[in-house]
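Accompanying notes for the structure given below.
The values are calculated or read from the model by the stated rules, or taken from the named source; none is laboratory data. Nothing here was measured: the structure is a model prediction, and the numbers come from that model. Every residue, glycine among them, receives a Cβ derived from its backbone with ideal geometry; neighbour counts consider all protein chains shown.
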2 protein chains.
Amino acid sequence: MEEGIIEFSDWIKLDLRVGKILSIEDIDGADKLYKLDIDIGEESPRTLVAGLKPYYEKTELQDKYCIVFTNLKPRTMKGIESHGMLLAASNNDKKKVVLLAPETEIEPGSRVS
Amino acid sequence: MEEGIIEFSDWIKLDLRVGKILSIEDIDGADKLYKLDIDIGEESPRTLVAGLKPYYEKTELQDKYCIVFTNLKPRTMKGIESHGMLLAASNNDKKKVVLLAPETEIEPGSRVS
């Protein structure tokens, strides 16, 4: 494989889905993290931990559409298992962090390709 | 590696960037494709071929922010080399295809993580 180049066959292993944020909670002892429950079209919402607290108020995130990388290996942060990752764009100095979203409404669980 | 699970070290190999669509052209003999020039914060715009014609008018795409997968292996479609892929969400029956975008403005070239 050419250095730094990704084959399409590797890209399609990633499962990226449209999600809708159902609830947002602070986490004891965490300045930067929220615990989020997100509808990604599955029977139960996904629980994720995301470092959005410096960038978003809880009220701004409520019911917001987002993009969830669903098959990232789960990891535990502050005792909470995070089942996926929210995609966000950040500028060079990381002063600005902005969630990705579908640019118009589409149902949670819709796949990104 | 567990089946279907992606390690973080594989995820970070992907280079996803915020882009801004500068121009949109039809392609001779292609019903579904547009040729797009996109500012992704590089010296020159990237040329991409994307199957958006059934879903977007050209005027809707002009100056739109989008997400470009920049280090996908280039491929040639209808004689035009496409240097990356625009990310979009589609529902189950593929009747609806919606571009991903940053949910508020952030400069082209901003990295997704």
*Taking only pairs six or more apart or across chains, which ones have beta-carbon atoms under 7 Å, a first residue in the range A:85-99 that is in contact (Cβ under 8 Å) with a residue 40 or more places away in the chain, and a second residue that is aliphatic (A, V, I, L, M) and surrounded by fewer than 16 Cβ atoms within 10 Å (Cβ to Cβ)?*
none
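Could you grab me the full set of residues in the range B:73-103 that are among the β-branched types (Val, Ile, Thr) and within 10 Å of another protein chain (Cβ to nearest Cβ)?
So the first thing to find is which residues in the range B:73-103 are among the β-branched types (Val, Ile, Thr), and the list is B:76, B:80, B:97-98.
Within the range B:73-103, B:97, B:98 meet the criteria.
Taking residue B:106, is it surrounded by 16 or more Cβ atoms within 10 Å (Cβ to Cβ), touching a residue at least 12 places away in the same chain (Cβ under 8 Å) and away from chain A (no Cβ under 14 Å)? Steps first, please.
Values: surrounded by 16 or more Cβ atoms within 10 Å (Cβ to Cβ): yes; touching a residue at least 12 places away in the same chain (Cβ under 8 Å): yes; away from chain A (no Cβ under 14 Å): no.
The answer is no for residue B:106.
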*Before we move on, is residue A:20 under 13 Å from residue A:99 (Cβ atoms), touching a residue at least 24 places away in the same chain (Cβ under 8 Å) and of a type in the set (Lys, Arg)?*
yes
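Being under 11 Å from the mean Cα position of the chain (by Cα) and of a type in the set (Asp, Glu) narrows it down to one of A:26, A:37, so name that one.
Numbers: A:26 fails: under 11 Å from the mean Cα position of the chain (by Cα).
Every option except A:37 fails the conditions.
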*Within the range B:89-109, is even one residue within 30 Å of residue A:3 (Cβ to Cβ), assigned to a loop (DSSP other than H, G, I, E, B) and acidic (Asp, Glu)?*
yes
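Hey, any hits in the range A:6-15 for a residue that's within 10 Å of chain B (Cβ to nearest Cβ), assigned to a loop (DSSP other than H, G, I, E, B), farther than 28 Å from residue B:74 by Cα and in contact with a strand residue (DSSP E or B) (Cβ under 9 Å, 6 or more places away or on another chain)? Quick ask: steps written out before the conclusion?
First, pick out the residues of the range A:6-15 that are within 10 Å of chain B (Cβ to nearest Cβ): A:6-11, A:13-15.
Adding the requirement that they be assigned to a loop (DSSP other than H, G, I, E, B) leaves A:7, A:13-15.
So of that shortlist, the ones also farther than 28 Å from residue B:74 by Cα come out as none.
No, the conditions are met nowhere in the range A:6-15.
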*Which of (1) at positive phi; (2) at pLDDT below 95 does residue B:84 not meet, given it meets every other one?*
(2)
